[in-house]
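Report on the following structure.
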Amino acid sequence: MAIDIFVVLIPGLILGIIFGFILQRGRFCMNSAFRDIILLKEYKLAKSVALAILVSMLGFAIMSFGGIITLNPKQFAWGANIVGGLIFGFGMVLAAGCASGTTYRVGEGMMGSLVALLGYAGGAYFTKFGALNSIAKFLQDNTKITNPDGSALTVFGDLTPIFMLIIGIAGIALVAYFWIWRELRAKKRENKPMFDLSDFGQKAFKKGWHWAVTAIAIGILACFAYISSAAAGRNYPLGITGGWVGWNKYWNTGVDTALGWETWLVIGIVIGAFISAIIAKEFKLRTPKHAKTILIQFIGGSAMGFGAVTAMGCNIGNILSGFPLLSLGSLLSGAFIILGCWLLAYLLFMWRKD
Amino acid sequence: MVDKTDTLDCRGEVCPYPDVKSKRKAKKMNSGEVLEILIDYPLSAERIPETMKSMGNEVLSTEKVGASEWKILVKIK
C-alpha cells in the first residue's frame, strides 16, 4: 500500500514543523519543567505545561461535544503505568531531555540528543516488537483494569467530557488570574507597558517565547493535531514514541504502512526546530564536552524508550495528550514520570552538594 | 569594561549542568566579584540570568557572541 500523501504525510509533516518551531521557541521540555521545580525553584516551564494541558482539555471537550472528534483515552494498567512511568522519568534525566525535548534539540544541532534519540528509538522498538516485549506485555496484561464494556478508565467515567469542559474553563481562568494577570500587574507597577508589541519580529523569531504564548500555541496545535491524526486513522492527539517506533519498523522491515501520521510528525518536529534555530541563530552542531555524557544520554534514551512503550506513552502521549483526556492510566504514568524525574534529579544534582 | 574575577566555561555541557554549575560557582564567590559565564545552550541563556537574579545577584549583561553562544556577566551581591 502506498503512503497517502494528502491525508497522512503532508498534514503530519506540516503540524510537526509547527510543533517543532513552537517547542524550540518556547524551550518546551518537560524534563526541565519538572526538574526545575525542585532544582532551581523555577516554575515558568511547569506553568507552560499546565496551561497547555488545560487549553487542550477545553479544546478536546468542545470538539467532542461538537462531534468533531471521538475521545480516546489510554487504558489503565497500574503495573505498566508505574514501572514504565518511573523508568521513563529516570531516563529523561539521564538523556537531558524528555521525548519532545530530545527530538527538538536534534534540530538545534545537539549531537548528544541525537545519540539519546537513537537509544530511545531502539529501546522503544525492542519493547514494542522485540526481545523486551514480553516484559511490557506481562505488565500491561496482568494489571489492566477497564470499564465493564472494555473501554478505558477515566477519572469521572461517563461524565468525563463534562468535567473536561469544567476543569478546562476553571483551570484557564485560575491560570489567567493567578499567574498571567499578576505578572501583567507587576509590569504595570514598574510602569512598563503590559503588552509590548514593539519589535514583534524580534520577539517572535529571535527570542525565547513567554511561557503562556508557548502553552496556548501548543494547546491549539493539539486540537488540530487530533482532527488530522484521526483523519489519518490514528484517533489520538500528539505523540512522539509511535513515530520513532514507526521509522524503526520501516527501516527494519521495509513495510511502508509503518510510516503513519506520527512518523511524519516527529520528522516535522526536527525540521521545525531546525528552521526556528536557524532563524534565531541558535543552530550549532555540537557535542557534549565529556564523552561520558554521550554514553549516559544513550542509556537514558534507551530507558525512555522502554518506559514509554511499557507505560503506553511518553510525556507527550501520556501527559500533554493523556492528562486532558483524564485517562486514569495516563495520570498514573504521568505522576510516576514526574516522580522518577524528581528522584534522579535529586540524587544527581542536589544530594551531593560540592 | 568590567573586570571579571573568574570565568566559568559551560559550553558543551548538557541540561541542567550550565545552571547547576553557575549556581554553585556563584555561591562560592565573594561579594562584589564578577563572574563570566560562557554557554551554548539556549534554555540556559534565559534561565541563568533569572536564577542569578533570584539569588540576589546583579546580572550586568547577557550578550550573544555567536551562533548559539552567549556570555553572561554577573556581579555577586
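Some observations on this one:
- Entries of A:Lys41/A:Lys206; B:Lys27/B:Lys53; A:Lys284/B:Lys53; A:Lys187/B:Lys27 with Cα pairs more than 19 Å apart: A:Lys41/A:Lys206; A:Lys284/B:Lys53; A:Lys187/B:Lys27
- Put simply, the Cα atoms of the range A:159-205 extend 46, 28, 9 Å along their principal axes, the longest span coming first.
- B:Leu60 long-range amide H proximity, modeled H, under 5 Å: B:Leu73, B:Val74, B:Lys75
- Largest-first ellipsoid semi-axes for the protein assembly as shown, taking √(5λ) over the Cα gyration tensor eigenvalues, angstrom: 36, 25, 21
- Pairwise Cα separations in chain B fall into 10 Å bins from 0 onward with the following percentages, short to long: 21, 60, 19, 0.
- A convex hull fitted to the Cα coordinates of the range A:223-322 yields 138 cubic angstrom per residue.
- Within straight-line reach of A:Lys188, meaning a Cα separation under 12 Å, sit the following aspartates and glutamates at least 8 residues removed in sequence or on another chain: A:Asp196.
- Whole-Hz Karplus values for the range A:206-211 come out as 10, 10, x, 7, 5, 4 Hz, taken residue by residue from phi with 6.51 cos²θ - 1.76 cosθ + 1.60 and θ = phi - 60°; glycine and proline positions read x.
- Three semi-axes of the equivalent ellipsoid, the range A:109-211, Cα gyration tensor, whole Å, largest first: 43, 29, 10
- With 20 Å as the limit, the listed pairs B:Lys23/B:Lys71; A:Lys203/B:Lys23; A:Lys47/B:Lys75 have A:Lys203/B:Lys23; A:Lys47/B:Lys75 beyond it between alpha carbons.
- Taking the number of Cβ atoms within 10 Å of each Cβ as an exposure proxy, the fewest-first ranking of A:Arg286, B:Arg24 is B:Arg24, A:Arg286.
- Using a cutoff of 8 angstrom between alpha carbon atoms and counting only pairs six or more residues apart, the relative contact order for the range A:206-308 works out to 21 percent.
- Sequence-distant residues sharing a close amide H with A:Val155 (under 5 Å, placed H): A:Leu328
- Taking Cα atoms only, the orientation of helix B:17-28 departs from the longest principal axis of chain B by about 10 degrees.
Every number in this text was worked out from the coordinates using simple rules, so none of it is lab data. Owing to the predicted nature of the structure, the values given are computational and were not obtained by experimental measurement. Cβ sites come from the backbone with ideal geometry, for glycine too, and all protein chains shown count toward neighbours.
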